[in-house]
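Reviewing the structure listed below.
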Amino acid sequence: MKKIYLIGIAMMLAYISFAQSTQLKGKVVDASNNMPLSEATIQISATEGTTSDKEGFFYITCRESMEITVSYLGYEPHKEVVKNCEDELTVYL
């Protein structure tokens, strides 16, 4: 009985932690012509990040009030503070 109880608690904790992670959706574009920038680097820390796809879109696990850095070869890096993970973010480089 004790095993079943512990397994139930572990499953509930896993569900709760999974439910709290939100994906931030964004797009990286060239500021001068609004063309998407594929393979741009989006980082939230030195070890956590992603790249944009061929249409400039990216998805990253979001936390309230996090700062992302977006960079692309030949462009100045851009830092952005994300306050609402539900909004779609467009980053102009």
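Given the criteria under 12 Å from Gly26 (Cβ atoms) and either touching a residue at least 40 places away in the same chain (Cβ under 8 Å) or open to solvent by 50 Å² or more (accessible area, probe 1.4 Å) (or both), does Val81 qualify? No: the conditions fail for Val81.
Screening region 84-93 for residues that are open to solvent by less than 70 Å² (accessible area, probe 1.4 Å) and at pLDDT 90 or above and picking the one that is nearest to Gly26 (Cα to Cα) gives Thr90.
Any residue at all in region 41-62 that is out of contact with any strand residue (DSSP E or B) (no Cβ under 6 Å at 6 or more places or on another chain), open to solvent by 70 Å² or more (accessible area, probe 1.4 Å), free of Cβ contacts under 8 Å to residues at least 12 places away in the same chain and polar (S, T, N, Q)? Yes; the residues of region 41-62 include at least one that is out of contact with any strand residue (DSSP E or B) (no Cβ under 6 Å at 6 or more places or on another chain), open to solvent by 70 Å² or more (accessible area, probe 1.4 Å), free of Cβ contacts under 8 Å to residues at least 12 places away in the same chain and polar (S, T, N, Q).
Of all residues in region 63-76, which are closer than 11 Å to Val91 by Cα and either of a type in the set (Gly, Ala, Ser) or surrounded by fewer than 12 Cβ atoms within 10 Å (Cβ to Cβ) (or both)? First the steps, then the outcome.
Kept after step one, since they are closer than 11 Å to Val91 by Cα, are these residues of region 63-76: 68-71.
Listed by number, the list holds a single entry, Ser71.
Mind listing whichever residues of region 69-83 are assigned to a strand (DSSP E or B) and modelled with pLDDT of 90 or more? Full working, then the answer.
From region 69-83, those assigned to a strand (DSSP E or B) are 69-71, 78-82; that's our starting set.
Thr69, Val70, Ser71, His78, Lys79, listed by residue number.
Taking the criterion of being of a type in the set (Asp, Glu) and over 27 Å from Asn33 (Cβ atoms), the residues of region 58-91 that qualify are Glu64, Glu86. Among the residues of region 43-68 satisfying the criterion of being modelled with pLDDT of 85 or more and of a type in the set (D, E, K, R), which is nearest to the chain's Cα centre (by Cα)? Result: Glu67.
The values are calculated or read from the model by the stated rules, or taken from the named source; none is laboratory data. Everything quoted here is computed from the prediction, not taken from an experiment. Counting neighbours? That spans all protein chains shown, and the Cβs are built from the backbone with ideal geometry, glycine included. Surface accessibility is based on the protein's heavy atoms, side chains included, excluding ligands, DNA and RNA. Shrake-Rupley method; radii C 1.70, N 1.55, O 1.52, S 1.80 Å.
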